[in-house]
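Engineer: Once you've had a glance at the structure underneath, I'll fire off some questions.
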Amino acid sequence: MATAREQLRALVASDDPFGQPGQDTRELQLEAAREAFAAHRERVPLLRTRAEETDVREITGFEDLVPLLFSHTSYKSYPLSLITGGRWDRLLRWYATVSAVEPEDVDIEGVNDIDEWTERVTAAGHRPYITSGTSGKVSFLNCDAGDLSFLHDILEHVTCWPDPLPPKPTRRGYLLAPASGPMRSIDGFRWHADVFARPGETQLLTEEPLRVSELMSSALLRRRMAEGTATPQEISSFESASESREEELGTAVARIVDDIAAHRDEPLLIAGMNNQQFTLIQALRARGVADGSLHPDTLVLSGGGNKGRALPDDYQAQFAAFYDGVRRVRSYGMTEMQGSCPACEKGNYHVPPWVIPLVLDQPGETLLNAEHGVVEGRFAFLDVSLEGRWGGLISGDRVFVDFSPCDCGRAGPVVLPDIRRYGDLGGDDKVTCAATLDSYVRGMIH
Amino acid sequence: MSGTMLDTTAAGSVPVVHVVRGEVDHNSHTAHGRPGAAFTAPALDLDHLVWPRTEPGPAFQVPVAEIVDLLVETGEALKADREGLLAEALERMVRVSPLPAEVLERAYAVLWRSFQRPGLYAQIDHELGGADVLDGWREVRLPGNRTAATRAFPPRLVHIIAGNAPGVAAMSVVRGALTKGVNLLKLPSNDLFTATAILRTMAAVAPGHPVVRSFSAVYWRGGDETVESVLFRPQFFDKLVAWGGESTIRGALRYVGPGFELVSFDPKTSISLIGREAFTSPETLARAAEAGAADATFFNQQACVASRFQFVEGSWEDADRYAALLCERLGVAREFSSAGGPQVATELREEIDVLKSMAPEYRVWGGYDGRGLVIRSPEPVDFHPDGKIVDVVPVGELSEAVRHAGVATQTVGVYPDSRKADLRDALACAGVQRVVSLGGAGGMPPGLSHDGFYPLQRLMRWVNDE
């Protein structure tokens, strides 16, 4: 007999993972939450500590999950000195408190930098996905092999839901990203290219892998400046390295623009975070590629928040205009969640069945979930599919969730399109992968 | 936080009084603040906030002795609070300040101390070399048998004051009065009442006195360009005296230019160094922990002199013994702190929860209830301990801790006193401004430098007759 978590994961390959009856799903989810709590309490020390301190012994209802939710800061709560001081064993011990990694399974002998450390964790069967914000300190979100294969299943079965795209490699691919790196978006883009693009016909922004140490360079430099050990020459080199990277990437974008212009009548795959997509669209328009002129079988993947208002307010409308008539993935999600919430025909974001949405009050203390109707609050969730870490997380997003059946006819709950960050509304800050890749691509990390 | 928030209705908003050139401003009130901390203040009349340069300020020619007498009398009046002005300010302050009422009460009860004659003369004598240069032209001998005269001429000052401790307002009024210049004080939203209560008390002591007419204290939203771009001009003021956070200082910098100077009391933080002598006996350890706690809890750790990182010379076990005792002492009420305090913010709790899971490298004493929490860690933590949280870090030698001091480090408390002499040059080299005996961080004695300079000397305009 499959466990509740297995039953929920298996839905990804069903006819319509988002069309399950609400009440049945909720009961299965509650059972899966119990299973996930029991399993992760044994393996994730931070969850165990949290459960003991808040005296949560079992999950009798969704409200019991609230005190057990982590915030994104949990995943970057390591002391930076562990990295600057090269204390890789201690960093591993930290990682083992927030994930299902056993320190003895990872060989860190001879590790020299954070990239090698990340590789060693990966070699031990885990994938530490990183996300970063403006501070430069990155989060490490653990996935294990099962989580990665589940992610792959999601993209193969759900891409372009509610009108899923057949997994055929028929497109010419453009990935506005580096060749590799421990970021979920990079893996996601590459897997999409494997499934939907013609072999050997995918172009990258750069063949260089994304290096964690480079993403963290501003944080590390700032640390050394605070300690008084950074020299003026180092600071100056840091600045000029950023400038030359910006130039290189400008050249890369120009090359891709030319190629897209030459192949605009073919089906294409264009994947990139919103900031890169916006740059590309501006360049294509300047090159004379008109709005709505791409081949209708073109697949466009984008995402990432508009952190720091790097994009104009109407960027979504500009995307819609330029990519009019092509297949676009539209969804609401975050790296912390397996897959994301895709938009239905009515434009509402459907929460996948393996994710339990938990709408909280703004301080994140009280559960506001309802049987029916629209509830406004802070978006939190438990992703019961996750094996590599505890999937309970509080986001910084202010959302409206409709717990009634959606206008599209499917059972709820759905996240309505008006999603804002509490930070933008005058509250806290939220870290997203958009700023991460943007920092890397523009090379501007301070 | 929600427990301390105010009613958001109009009836619940707190009225702020303005003083303009020594008189209470009766302009109609406008609404300010945000839900939960709403207040009203009189609409600004910008023309009345400047003193035209075509005429000397009211107090330019008043002898210092008379100003000192006025300040001392003001101090006596503050102590007695005959007019009930401090009581009124306190009652309003309690409704909007993040500090607990008992701490505010005790701070108000000692505001008068800034107005004592010996302290006032200590500032004049140590910072300016005597009252003569304030009252007239001091003759100076130059090389080549030449003579010249110099005078500390009254300046025109606009002050952006900090509100984390009521004493800042008192200190600003004292310094402004001793300069004999004209002073516009911008009230901070976390202390909208102390400065005006002091100025009104002074006005009650000597109605219409030139020094009284030399002061205004009003509120506008910090950074409001419609006010600041108009007032922050050399035609109206010589110097901007700015306290506070980075955004305040950076905002102020936009207006600095020829003829308009910035005197900045920069954002600062403080640390403590505890020598191995603390472990000589249970008594010495208790003494060090009590002194460390006093320094850490000044204004419930809201002040810049409040210590947040304490470096202990010894093993992890030694540091743990100190940390455990320190945590006990953090929960004790003192003159400028309360036994309880603000609950630890959620973001900090997350970070501390993780550290708890990383024993034995990290250990944590105390809880999140605001009575005090101590973390012992092998390296300083990355986050900013705030709200009665102290990070205790063991070091092999106190000299190793010096690398954790920098230009943002204001006060370093050292235990025992005898260790200060060996450390002070290195600390000064790193950027530190004050080295004090542990337990002595709170309160700055008048007549010494502040943030690395002599404020009174810096506020004056130095004019020569050659």
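Engineer: At 4 °C and a viscosity of 1.567 mPa s, what translational diffusion coefficient does Stokes-Einstein give for the range B:390-466, taking Rh as the Kirkwood radius over Cα pairs? Give it in µm²/s as a whole number.
Structural biologist: Answer from the Stokes-Einstein relation: 91 µm²/s.
Engineer: If you average the sequence gap of Cα pairs under 8 Å that are 6 or more apart and divide by the length of the range A:20-166, what percent do you get for the contact order?
Structural biologist: 16 percent
Engineer: Mind listing the phi-derived Karplus ³J(HN,Hα) values for the range B:341-356, rounded to whole Hz, using 6.51, -1.76 and 1.60 with θ = phi - 60°, and x for any glycine or proline?
Structural biologist: Calculated HN-Hα couplings, in order: x, x, 4, 5, 5, 4, 4, 5, 4, 4, 5, 5, 4, 5, 4, 4 Hz.
Engineer: I need the fraction of alpha carbon pairs in the range A:318-397 separated by more than 22 Å, rounded to a whole percent.
Structural biologist: Considering the range A:318-397, 33 percent of its Cα-Cα pairs are separated by more than 22 Å.
Engineer: What ranking of A:Tyr95, B:Tyr454 emerges when the number of other C-beta atoms within 10 Å of each C-beta is taken as an exposure proxy, fewest first?
Structural biologist: Ascending number of Cβ neighbours within 10 Å: B:Tyr454, A:Tyr95.
Engineer: Counting partner chain Cβ atoms within 10 Å of every residue's Cβ in B:377-383, what's the average?
Structural biologist: The mean count of partner-chain Cβ atoms within 10 Å per residue comes to 5.
Engineer: Find the centroid of the Cα atoms in the range A:172-229 and in the range B:438-466, then give the distance between the two in whole Å.
Structural biologist: 53 Å
Engineer: Share of Cα-Cα pairs in the range B:339-397 beyond 15 Å, in percent?
Structural biologist: Tail of P(r) above 15 Å: 44 percent of Cα pairs.
Engineer: Further, regarding this structure: Restricting to lysines 8 or more places apart or on different chains, can you count the pairs in the protein assembly as shown with Cα atoms under 14 Å from each other?
Structural biologist: Taking the protein assembly as shown as the scope, the lysine pair count is 5.
Engineer: Top mean-square fluctuation among A:Asp147, A:Asp291, A:Asp187, Gaussian network model of chain A, C-alpha springs under 10 Å?
Structural biologist: A:Asp291
Engineer: Rg and Dmax of the range B:54-207 over Cα atoms: what are they, in angstrom?
Structural biologist: Rg and Dmax of the range B:54-207, Cα atoms, are 17.6, 64 Å.
Engineer: For helix B:282-296, report the angle its Cα long axis makes with the longest principal axis of the Cα atoms of chain B; keep it between 0 and 90° and round to the nearest 10°.
Structural biologist: For B:282-296 against chain B, the angle is about 40 degrees.
Engineer: Set Lys and Arg Cβ to +1 and Asp and Glu Cβ to -1, take the dipole of the protein assembly as shown about its Cα centre, and tell me which of B:Gly259, A:Leu141, B:Val412 lies farthest positive.
Structural biologist: Among B:Gly259, A:Leu141, B:Val412, the one farthest towards the positive end of the dipole of the protein assembly as shown is B:Gly259.
Engineer: Need the full-extension length gain, B:Arg141 to B:Asn464, defined as separation in residues times 0.36 nm minus the C-alpha distance. One decimal, nm.
Structural biologist: Gain in length upon complete extension: 115.0 nm.
Engineer: Order by neighbour count: B:Lys420, B:Lys239, fewest other Cβ atoms within 10 Å first, most last.
Structural biologist: B:Lys420, B:Lys239
Engineer: Also, I was wondering about something else. Put +1 on the Cβ of every Lys and Arg and -1 on every Asp and Glu Cβ in the range A:15-107; which of A:Val44, A:Ser77, A:Pro21 then has its Cα farthest towards the positive end of the dipole?
Structural biologist: Selected residue: A:Ser77.
Engineer: Among all stretches of chain A without exposed GluC sites (Glu not before Pro) (DSSP loop, at most 15 other Cβ atoms within 10 Å), which one is longest?
Structural biologist: Within chain A, the longest run free of exposed GluC sites (Glu not before Pro) spans A:208-344.
Engineer: I've got another one for you. Add -39500 (n - 2.57) for each DSSP H run of 4 or more in chain A, then divide by its residues: what number comes out at 222 nm, to the nearest 500 deg cm²/dmol?
Structural biologist: -11500 deg cm²/dmol
Engineer: Return the single residue from A:Gln20, A:Gln233, A:Gln362 with maximal mean-square fluctuation; model: Gaussian network over chain A, springs between Cα atoms under 10 Å.
Structural biologist: Maximum among the listed residues: A:Gln233.
Engineer: Still on this structure: Compute the distance in nm between two label points, each set 7 Å from the Cα along the Cα-to-Cβ direction, one at A:Ala370 and one at B:Glu88.
Structural biologist: 4.8 nm
Engineer: Determine the shielding of peptide B:354-365 by partner chains: average, over its residues, the number of Cβ atoms on other chains within 10 angstrom of each Cβ.
Structural biologist: If you average over the peptide's residues, the count of other-chain Cβ atoms is 5.
Engineer: Something else about it: With just the Cα atoms of the range B:39-104, tell me how far they stretch along each of the three principal axes, in Å, largest first.
Structural biologist: Computed over the range B:39-104, the largest-to-smallest principal extents equal 45, 32, 20 Å.
Engineer: On to the next question. Modelled label-to-label distance, B:Ala430 and B:Ala149, 7 Å Cα→beta-carbon offset: nm?
Structural biologist: The two pseudo-label positions are separated by 4.9 nm.
Engineer: Across 20 Å bins from the origin, how do the percents of Cα pairs in chain A run, short distances first?
Structural biologist: Answer for chain A: a P(r) of 25, 58, 17, 0 percent.
Engineer: Could I ask something else about it? Exposure proxy check: B:Glu351, B:Glu283 ranked by fewest other beta carbons within 10 Å?
Structural biologist: Neighbour counts put them in this order, fewest first: B:Glu283, B:Glu351.
Engineer: Ratio of Rg to Rh for the range B:198-284, alpha carbon only, Kirkwood?
Structural biologist: My calculation puts Rg/Rh at 1.25.
Engineer: While we're here: With N set to the residue count of the range A:1-153, report its C-alpha Rg divided by 2.2 N^0.38 Å to two decimal places.
Structural biologist: 1.18
Engineer: Ok, one more. Based on Cα positions only, what radius of gyration and what Dmax would you give for the range B:121-235, in angstroms?
Structural biologist: According to the Cα coordinates of the range B:121-235, Rg and Dmax are 17.1, 55 Å.
Engineer: Could you tell me the relative contact order of the range B:307-466? Use alpha-carbon pairs under 8 Å, at least six residues apart, and round to a whole percent.
Structural biologist: 22 percent
Engineer: For the protein assembly as shown, what is the per residue volume of the convex hull drawn over the alpha-carbon atoms, in cubic angstrom?
Structural biologist: 201 Å³
Engineer: Sort B:250-259, B:329-338 by the packing proxy (mean of other Cβ within 10 Å over each peptide's residues), most packed first.
Structural biologist: B:329-338, B:250-259
Engineer: For helix B:117-128, what angle does its Cα long axis make with the longest principal axis of chain B, in degrees from 0 to 90 and rounded to 10?
Structural biologist: 80 degrees
Engineer: Tell me the trypsin sites (Lys or Arg not before Pro) within the range B:74-149 that lie in a loop according to DSSP and have at most 14 other beta-carbon atoms within 10 Å.
Structural biologist: For trypsin sites (Lys or Arg not before Pro) across the range B:74-149 that sit outside H, G, I, E and B with at most 14 neighbouring Cβ atoms in 10 Å, the list reads B:Arg82.
Engineer: Specify the angular offset, from 0 to 90 degrees and rounded to the nearest 10, of the alpha carbon long axis of helix B:316-330 from the longest principal axis of the alpha carbons in chain B.
Structural biologist: 50 degrees
Engineer: Dimensions of the range B:130-179 along principal axes (Cα, Å, largest first)?
Structural biologist: Sorted from largest, the Cα extents of the range B:130-179 read 51, 17, 16 Å.
Engineer: Per-residue Cβ counts within 10 Å, from other chains only, averaged over A:67-74: what number is that?
Structural biologist: For this peptide, the per-residue mean of nearby foreign Cβ atoms is 3.
Engineer: Report D for chain B in µm² per second (integer): Stokes-Einstein, Kirkwood Rh on Cα pairs, 10 °C, 1.306 mPa s.
Structural biologist: For the chosen part, D equals 67 µm²/s.
Engineer: In units of 2.2 N^0.38 Å, what is the alpha-carbon radius of gyration of the range B:81-145?
Structural biologist: 1.88
Engineer: List the relative contact order of chain A as a percent without decimals, with contacts defined as Cα pairs under 8 Å and 6+ residues apart.
Structural biologist: Reported relative contact order: 19 percent.
Engineer: How large is the Rg to Rh ratio of the range A:77-214 when both quantities use alpha carbon positions and Rh follows Kirkwood?
Structural biologist: That ratio equals 1.02.
Engineer: Follow-up question, since we're still on this one. Which value in deg cm²/dmol, rounded to the nearest 500, describes the helix-derived mean residue ellipticity at 222 nm for chain B, given -39,500 (n - 2.57) per DSSP H run of n ≥ 4 and division by the residue count?
Structural biologist: It comes out at -10000 deg cm²/dmol, rounded to the nearest 500.
The numbers here are math on the coordinates, done by the rules we state, and not lab data. This is a predicted model, so every value here is computed, not measured. Cβ: placed from backbone, ideal geometry, glycine included. Neighbour counts: every protein chain shown.
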